[in-house]
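Novice: I'd like to ask you about the structure that follows.
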Amino acid sequence: MVAGVVSVSAGRAGSGSWFERRSCLDKVPFASRHEARAAARSVERRYGGRLEPYACRFCDGWHVGHQMARR
Ligand SMILES: [Zn+2]
């Protein structure tokens with residue numbers, strides 16, 4: 001009786017931070033920077049804050065994310 005070999009590939013944390021990946025899963029990607037920017041502006045109007053469009057490295061689309069305030 002031979003058991004199948006299960007290879008577990010450890011998740012590599014090399015490329016992309018966890019929140020980038022998470023934001024990719026949570027959000028609908030935009031086809032272009034222009035669309036992402038338009039969406040960012042409408043969210044800014046509604047909730048305030050600062051959103052910036054960025055190219056996603058996981059789904060090859062565009063998302064909008066919060067601009068982290070720096071001290
Ligand atoms: Zn994405």
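Novice: Output the residue which, of all residues in the range 35-66 that are crowded, with 18+ Cβ neighbours inside 10 Å and of a type in the set (A, V, I, L, M), is nearest to R21 (Cα to Cα).
Specialist: V64
Novice: Follow-up. Being modelled with pLDDT under 80 and surrounded by fewer than 10 Cβ atoms within 10 Å (Cβ to Cβ) is the filter here, so list the residues in the range 10-27 that pass it.
Specialist: Across the range 10-27, the qualifying residues are A10, G11, R12, A13, G14, S15, S17, W18, D26.
The values are calculated or read from the model by the stated rules, or taken from the named source; none is laboratory data. This structure is a prediction, so every number in the text was calculated from the model and none was measured. Because the Cβ atoms are built from the backbone with ideal geometry, glycine has one as well, and the counts that use them run over all protein chains shown.
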